[in-house]
Amino acid sequence: MPSIKDRATSLLMSRIGKTASVRNVARIGNLLLQVDLQLPQSLPDRSTQHLKCEVAPYTYRDYTVAQWDMVTQSATLLIDCGHDGAGSYWALQLQPGQEVYYAGPGGGIHQPTTAQHLVCIGDASAAGHFHSIYQRKTALQNFHCFLQLERPMTRQILEMPVQPLSNNGHYFTDLHEWLYHYNFPAADTTYYVAGNQKMVVQVRKSLRQQGGQVKAQGFWG
């Protein structure tokens, strides 16, 4: 007869589907975590796909696969723990060897276009989303990533170049100054905006008023 633990595990798996194992957890700054998961099966070669992880009983959060190592079948997640919630608490408790229950992959709506300039704008919760786009750009495309970060000295995340923006009321001022500085050509630029929903709406509206091609996705807030 199955033990209580075995029955509980079976019930859990029946509602979420798959089990991964934590390979490593590292901090990028104080509140952005890099979590490497060993997956039981391969993922499609596609950007911005996400895994739906169980972070508490009957509680789930979607995390974008920032990069995928086909050889080791390891998926890297970048998890922003800068605000209170079940997802942040769960991520901060993760340890190597721990099991993670997940479903997916899903998502993948944002792919690199053929534009000369790929410009990503968001907060720390979008770091993995943008890194997955960065990995699939061509060598001839210019890539820029503007992120609102808790540690503004961060200039690189998993080898992705980052221009940090103020983590305060000057966020939009900083962003517009940088966009004015680069003066990206509207006809040959794709903007990717992700993160806090209110921020995404404001930035998308501003960029569209300037004639830019914008791909937007709100994550929280």
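The values are calculated or read from the model by the stated rules, or taken from the named source; none is laboratory data. This one's a predicted model, so the numbers in the text were calculated from it and none came from an experiment. Counting neighbours? That spans all protein chains shown, and the Cβs are built from the backbone with ideal geometry, glycine included. Please note that ligands, DNA and RNA were not included when accessible areas were found on the heavy atoms of the full protein model with its side chains. Shrake-Rupley method; radii C 1.70, N 1.55, O 1.52, S 1.80 Å.
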Counting only DSSP beta bridges fully inside region 61-164, the antiparallel percentage to nearest 5 is 40
Between the Cα axis of helix 4-16 and the main Cα principal axis of the chain, the angle (0 to 90°, nearest 10) is 30
Along the charge dipole of region 56-178, which of H129, S88, Y102 sits closest to the positive end, that is, farthest toward it, with unit charges on the beta carbon of Lys, Arg, Asp and Glu (+1, +1, -1, -1)? H129
Per DSSP H run of n ≥ 4, the term is -39500 (n - 2.57); total these for the chain, divide by its residue number, and report the mean residue ellipticity at 222 nm rounded to 500 deg cm²/dmol. -7500 deg cm²/dmol
How far apart, in nm, are the 7 Å Cα→Cβ label points at Q73 and Q141? 2.9
Taking the Cα atoms of the chain, what is the range of coordinates along each of the three principal axes, in descending order and whole Å? 68, 34, 27
Enumerate the calculated ³J(HN,Hα) couplings along region 46-57 in order (Karplus 6.51 cos²θ - 1.76 cosθ + 1.60, θ = phi - 60°), each rounded to whole Hz, writing x wherever the residue is Gly or Pro. 8, 7, 6, 7, 10, 10, 8, 9, 7, 9, 6, x
Take the Cβ-Cβ distance between N183 and H83 as r, set R0 to 22 Å, and report the resulting FRET efficiency rounded to the nearest 0.05. 0.05
Counting only protein heavy atoms and leaving out ligands, DNA and RNA, the solvent-accessible surface of T59 at a 1.4 Å probe, in Å² to the nearest 10, equals 40
Determine the percent antiparallel among the DSSP beta bridges restricted to the chain, to the nearest 5. 60
Theoretical gain in end-to-end length, K198 to T19 [0.36 nm per residue, Cα-Cα removed]: 61.1 nm
Most fluctuating of L78, L92, L149 in the GNM of the chain (C-alpha, under 10 Å) is L92
From the protein chains alone at 1.4 Å, what is the descending order of accessible area for V25, V55, V71, largest first? V71, V25, V55
Non-local residues with an amide H under 5 Å from the amide H of Q213, with H modelled 1.01 Å from N and Pro and chain starts lacking one, are T189, Y191
Nearest-ten-degree value, helix 171-182 long axis tilted from longest Cα axis of the chain: 60
Determine the distance separating the Cα centre of region 108-126 from the Cα centre of region 132-183; give it in Å without decimals. 11
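Around T190, with a cut-off of 15 angstrom between Cβ atoms, what is the net charge of the other residues, counting Lys and Arg +1 and Asp and Glu -1?
Spelling it out: positives minus negatives among the neighbours equals +4.
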